[in-house]
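The values are calculated or read from the model by the stated rules, or taken from the named source; none is laboratory data. Quick caveat, the model's predicted, so the values are computed rather than measured. We place every Cβ from the backbone using ideal geometry, glycine too, and count neighbours over all the protein chains shown.
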Amino acid sequence: MHELPMAKAINEGLRTAMVANNKVMVMGEDIAQLGGVFRVTEGLQEQFGPNRIVDTPLAESGIVGTAIGLAMRGYRPVCEIQFDGFVYPAFDQIVTQLAKQTARHEGTQSFPVVIRIPYGGHIGAVEHHQESPEAYFAHTAGLRVISPATPNDAYWMIQEAIASDDPVIYLEPKSRYWHKGPVDDATPAQPMNRAVIAREGSDVTLVGHGAMVSMLHQVAEIAQSEGVSVEIVDLRSLSPLDYPTIEASVAKTQHLVVAQEAPSNASVGSEIAATMTEKAFYVMEAPVLRVSGFNTPFPPARLEGQYLPDVDRILDAIDRSLAY
Amino acid sequence: MPYTDSTLRLLGQDGILVKDDRVEKYHQAIEHLDEKDFREFFRVMTVVRRFDVEAGNLQRQGHMALWVPSIGQEAAQVGSAFASRPQDHIFPAYREHSVAYIRGLDLLDIIRMLRGVTNGGWDPKKTNNFHLYTLVLATQTLHATGYAMGIGYDGACSTGDLDKDEAVMVYFGDGASSEGDTNEALIFAQSYQTPQVFFLQNNHWAISVPVRVQSRTPLFERAAGFGLPSVQIDGNDVLMSYAATRLSMDAARSGQGPHFIEALTYRIGAHTTSDDPTKYRDDDELKFWQAHDPIDRFRSFLEGRGTESAFFENVAEEAEDYAADIRKRTLEIQDPPLEQIFRDVFTEDHTVMTQEWEWLKEYTQSFEEGA
Amino acid sequence: MAHFTFPMPDVGEGLTEAEIVQWRVKPGDQVAINQIVCEIETAKSLVELPSPFVGVVHELLANEGDTVQVGTPIISVQGEGEDESVPVDPAVTEAVADVAGSVSKEDTTPAVKNLVGYGAGTNERASRRRRVTPSVEGMADVSPSEVSPDASSHTAVLAKPPIRKLAKDLGVSLSDVIPTGPGGEVLREDVLRDAGQATVFKNLQTPAWPENREDRIPVKGVRKAIAQAMVKSMFSAPHVSVFVDVDATRTMEFVKRLKASSDFAGIKVSPLLVMVKAMIWAVQRNPTVNSTWTDEEIIVHHFVNMGVAAATPRGLIVPNVKDAQLLSLRELAVALEQLTTTAREGKTAPEDMTNGTITITNLGSFGVDTGTPILNPGEVSIVALGTIKPKPWIVEGEVRARMVTTVAASFDHRVVDGDVASRFVADVASVMEEPALLLD
């Protein structure tokens, strides 16, 4: 057990996976000598060489497209897309090719490609560097979409993503890269397609993923001091969603609030709200409430603090839920 | 006049071999071919064209939503396909029916795809590495490049053993050459010096858009701009197609990096059966290319060498039989099972696939039979 | 020898029709597979159609210049020999028959077996497909008890949002309500029952004593009419009341089933409906309770104008449903609902308040067990429905919780003696105990 920031935890996870299987390779812009703009791949090229840690030309569609070809050849490529806002040139290769190739090949070929994407706000970054594109990928059949909230989950989930024979979009909450947390490399974490109860409670279920989870902890502490017991569900997997875990929690608390950085319109939070309303109609004492970013392009960073959900907006939602 | 000063050929339109210093090395590349090989080129071109016509008829009779004809492009495909070696990997677009045939695909599988029975249709491992047709233009150029990168990482090329060293051939068209993916593929290929040949069939039309809208320079010069050794050939000359591909693939597999071939040819038919070329094409242009038909040219070549007429009759009969067999088997094609919607979306078990299939099963059974 | 028809194909991915421009064959012509039989024009282009059949052209089924829907047979060919026949797809034949309406019964005229050339046009349906099992639950529909082992250890109250709101509005604590829903959920009547029971004195706020010593309300309008009627009735007819307690569980179950049935969808169904039906049946067996006293004669009515005491903003009125004995259960439910709604809106027509023959009053809606109702003038019987609530009852020798109610009735002893009164009330009560008696 040791304390690591998430960036280093992913680094160690990659390292472990690459030692275990020499078909695992990482490819992306600036990942070799520089070690990635977030240093997630720091030191890897020295250890594994330029054929396994590959600096690519500046062409996102090219990165994902060649990764598909490499997967056909038997490799297990891990693509790094430098920033959330730059995944869109690769969108065609992800959505029309990577997501559909397994089905198209009717079981004769797997496509074990992982696409790592740093995402989310709260780092004061410029335009296109703070997006939350989860919904596009969650909406695309044929992809698995996951996002760790803690260094420990980051360490284990990247390895499981690499080991999976399915394409995985691995969303890294960049505002959490440098926050340290315990990493237990002896005890595997929960499977990557499961949500976990990050904090037990009894009055309201609070659901979130990625960077939002640490904010939910703050919310829970404040709520506790006001006499409200919050149960936090860390989704971890956005596709598929782990409904049994959410349902068990809501059966207990009868109140559900979902918080996300992403805008609400057609979001993952909306999907959870619709499905949980169907599943828990007789149980819930209030409608599912969502706390989301506004339905605008991400604003200039000086305004992101008010654009993104903060503890007050989430606490207000809890109050509204409990008042029904 | 679509040909340029750079266009290389071995066979004139009259079927007579061309004497030209520029093509000396290409003549050498076909020296090992004999009568048997030439007859095989002719047979394949003829059978596949007859198949193509039959498939078009079947579409008109309601058996497919659409058919994609390759008529006119047989020489470009047959020559290049025979030039590749068994260990090579082929990434087609969606019109390479002759290449498919040569690689051992049952052409009925192409009909199955256009009929809506499958989105793929075959296993490349069982068709001598002939990969699936790709309907999003140019995406296959990146897959091919990635595959070739893998060959490099595996050390499965550049050993000097032509029968072992692997290479990748990717087919695409003049329209696809404008796509970003094609250009990115060329960039990656030259950056990593992949064992790969980019085979561009310039059939002069991307549905209704002529090639001059795609490019103001001959397309092979564009590739040269990326740093790939590049050649423009008369794609309706099956011998030249063979020779250029042979040399390029062998150079690529031997460590000389990716190569580029622009094969000038023509899409005699429509883009697909939903298209109407009479709305945008010149009759004169069509006549020109019909006069440059690849099969006619090669027949002249064979006749000039004394090939007996019985051979041609036999091939014609074989082609008729092939077409009749395709017709018969097309009429027997069954719908895929309902489970196909959910099966194979993922390799690993997936809760949503399981749940939704269970639901659809129950839903389907809740109705009276045949209701 | 078989006939083969070639239906117009969709040659361009989504076309619905095409025009026959030119026939290239005529009846009697020999035709080979792939021989061009006609040229058609579609929205996209001119297309030559090759024959799918070999044989002799039998009939051209459309004319040059005709615009033909995709799927309509355009030519029939007489085929040579069985082994060349084209497989038949009965679904397509049926679809084509629907479209063309011209499949003869004699010759088989099978359609060419294909599936994709007839996409965009033939998708219209006029009715649902027939089912063998009821429709399937929604994909997300998982009842809470199936969810996970953990869920069942928590006894959360199950109730739909409107019921939760009702409980909140009525000040009822959901966890104290006995749920009677099929999934264990709390139903509206459960809340109302609880509200009735628990809160006879249910005002959450008792108003402060008024500051003035007295309020003087003028006696006029409805209040005056009520007073006059009450006095007239009370002090002309000698009233006697009888009571019987009955186990009404079966009525409650019957009501629940009615509510769930599609016939009664959207119609208010309650125990009152059953009691009204019971009264009509009991009147049939005891006709004199349905009479009017005049000094000279007792007029026994052979029709039931069923009065229902209704509280309105201006006071108590008793509108009646005319000829209630002619109404089916469903019609009665609709009429009663109509009557109550109209009364609540204060819009009851005067003719609806006259010529009643017997009355029911619902004390249960006020949370009261029973009472001694006063006759409606001109009538000799009035029945009171009280609360229906769980009470200990002896069933097969054991104490069980059953839904018990008291049936009460008052009578004019000038007309109705004790034996008739008792028999009538017992009849009403026996239906409450066993609604199947209405099948008599």
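Tallying residues that are at pLDDT 95 or above and farther than 22 Å from B:Y192 by Cα within segment A:9-37 yields 12.
Among residues of segment B:119-161 being within 30 Å of C:G12 (Cβ to Cβ), at the interface with chain A (Cβ under 7 Å from one of its Cβ atoms) and touching a Lys or Arg at 6+ places or on another chain (Cβ under 7 Å), the one that is surrounded by the most Cβ atoms within 10 Å (Cβ to Cβ) is B:L132. In segment A:154-164 there is at least one residue matching the filter, namely being over 24 Å from A:I314 (Cα atoms), at pLDDT 95 or above and not in a helix (DSSP H, G or I).
For segment A:71-78, state whether one or more residues are under 25 Å from A:G293 (Cα atoms), buried (at least 24 other Cβ atoms within 10 Å of the Cβ) and either in contact (Cβ under 8 Å) with a residue 60 or more places away in the chain or more than 8 Å from chain B (Cβ to nearest Cβ) (or both). Scanning segment A:71-78 turns up no residue that is under 25 Å from A:G293 (Cα atoms), buried (at least 24 other Cβ atoms within 10 Å of the Cβ) and either in contact (Cβ under 8 Å) with a residue 60 or more places away in the chain or more than 8 Å from chain B (Cβ to nearest Cβ) (or both).
Scanning segment B:51-64 for residues that are among the charged types (D, E, K, R), within 23 Å of B:I102 (Cβ to Cβ) and within 11 Å of another protein chain (Cβ to nearest Cβ) yields a count of 1.
Of all the criteria given as (1) in contact (Cβ under 8 Å) with a residue 60 or more places away in the chain; (2) within 14 Å of chain B (Cβ to nearest Cβ); (3) more than 16 Å from C:S76 (Cβ to Cβ), the one not satisfied by C:A18 is (1). Is it the case, given these coordinates, that B:V345 is in a loop (DSSP other than H, G, I, E, B) and within 14 Å of chain A (Cβ to nearest Cβ)? Yes: the conditions hold for B:V345. All of A:I117, A:I68, A:I146 fail the test of being surrounded by 24 or more Cβ atoms within 10 Å (Cβ to Cβ) and over 24 Å from A:Q190 (Cβ atoms), apart from A:I68. Return yes or no: is A:S147 within 11 Å of chain B (Cβ to nearest Cβ) and within 24 Å of A:V183 (Cα to Cα)? For A:S147, the condition - within 11 Å of chain B (Cβ to nearest Cβ) and within 24 Å of A:V183 (Cα to Cα) - is not met.
Scanning segment A:31-51 for residues that are touching a residue at least 12 places away in the same chain (Cβ under 8 Å) and farther than 18 Å from A:Y170 by Cβ yields A:A32, A:Q33, A:G43, A:Q45, A:Q47, A:F48, A:P50, A:N51. Of the residues in segment A:232-243, none is in contact (Cβ under 8 Å) with a residue 24 or more places away in the chain, among the hydrophobic types (A, V, I, L, M, F, W, C), under 15 Å from A:S321 (Cα atoms) and within 14 Å of chain C (Cβ to nearest Cβ).
Cβ-Cβ distances below 9 Å connect the following pairs, each with a first residue in segment C:231-256 that is within 23 Å of C:M403 (Cβ to Cβ), a second residue that is surrounded by 18 or more Cβ atoms within 10 Å (Cβ to Cβ) and among the basic types (K, R), and a separation of six or more residues or different chains: C:D247/C:R402; C:A248/C:R402; C:T249/C:R402. Per the listing A:L171, A:L143, the residue uniquely under 30 Å from A:S321 (Cα atoms) and either more than 17 Å from the chain's Cα centre (by Cα) or modelled with pLDDT of 95 or more (or both) is A:L171.
Every condition in (1) more than 9 Å from chain A (Cβ to nearest Cβ); (2) under 21 Å from B:L247 (Cβ atoms); (3) buried (at least 24 other Cβ atoms within 10 Å of the Cβ) is met by B:N203 except one, and the failing one is (2). Applying the condition of being out of contact with any Asp or Glu (no Cβ under 6 Å at 6 or more places or on another chain) and farther than 17 Å from A:H255 by Cα to segment C:156-172 and asking which residue is nearest to the other protein chains (Cβ to nearest Cβ) yields C:A167. Tallying residues that are part of a helix (DSSP H, G or I) and under 28 Å from B:R60 (Cβ atoms) within segment B:291-337 yields 23.
Looking across segment A:1-54, the residues that are in a helix (DSSP H, G or I) and among the small types (G, A, S) come down to A:A7, A:A9, A:G13, A:A17, A:A20. Filtering segment A:190-216 to residues that are farther than 8 Å from A:I232 by Cβ and in a helix (DSSP H, G or I) leaves A:M212, A:S214, A:M215. Residues satisfying the criterion are present in segment B:65-80 (criterion: in the same structural domain as B:M249 (by TED's automatic domain parsing) and either more than 16 Å from the chain's Cα centre (by Cα) or without any contact (Cβ under 8 Å) to a residue 12 or more places away in the chain (or both)).
Quick one: how many residues across segment B:162-187 are at the interface with another protein chain (Cβ under 10 Å from one of its Cβ atoms), of a type in the set (V, I, T) and either at positive phi or under 20 Å from the mean Cα position of the chain (by Cα) (or both)? Summing the residues that are at the interface with another protein chain (Cβ under 10 Å from one of its Cβ atoms), of a type in the set (V, I, T) and either at positive phi or under 20 Å from the mean Cα position of the chain (by Cα) (or both) in segment B:162-187 gives 2.
Selection of segment B:278-323 for residues being over 25 Å from B:Y266 (Cα atoms) and either free of Cβ contacts under 8 Å to residues at least 60 places away in the same chain or surrounded by 14 or more Cβ atoms within 10 Å (Cβ to Cβ) (or both) yields B:G306, B:T307, B:E308, B:S309, B:A310, B:F311, B:E313, B:N314, B:E317, B:E318, B:D321. The requirement of being facing another protein chain (nearest Cβ under 7 Å), under 22 Å from A:E200 (Cα atoms) and within 24 Å of the chain's Cα centre (by Cα) is satisfied by A:E247. Residues in segment C:20-51 that are buried (at least 16 other Cβ atoms within 10 Å of the Cβ), assigned to a loop (DSSP other than H, G, I, E, B) and in contact with a strand residue (DSSP E or B) (Cβ under 6 Å, 6 or more places away or on another chain): C:V25, C:N34, C:T42, C:S51.
If you go through segment B:212-255 and keep only what is aromatic (F, W, Y) and surrounded by fewer than 22 Cβ atoms within 10 Å (Cβ to Cβ), you end up with just B:F226.
Checking every residue in segment A:166-178 against the condition of being within 14 Å of chain B (Cβ to nearest Cβ), surrounded by fewer than 18 Cβ atoms within 10 Å (Cβ to Cβ) and touching a strand residue (DSSP E or B) at 6+ places or on another chain (Cβ under 7 Å) gives zero matches.
Among the helices (runs of 4 or more DSSP H) confined to segment A:229-324, the ones with at least 3 residues that are over 28 Å from A:H129 (Cβ atoms) are located at A:243-253, A:268-279, A:311-323. Among the residues examined, A:G107 qualifies as at pLDDT below 95 and within 9 Å of chain B (Cβ to nearest Cβ). Total residues in segment B:82-106 satisfying the condition of being buried (at least 20 other Cβ atoms within 10 Å of the Cβ) and part of a loop (DSSP other than H, G, I, E, B): the figure is 9.
Scan segment B:320-331 and tell me whether some residue there is under 24 Å from A:R104 (Cβ atoms) and within 14 Å of chain A (Cβ to nearest Cβ). So far as segment B:320-331 goes, no, none of its residues is under 24 Å from A:R104 (Cβ atoms) and within 14 Å of chain A (Cβ to nearest Cβ).
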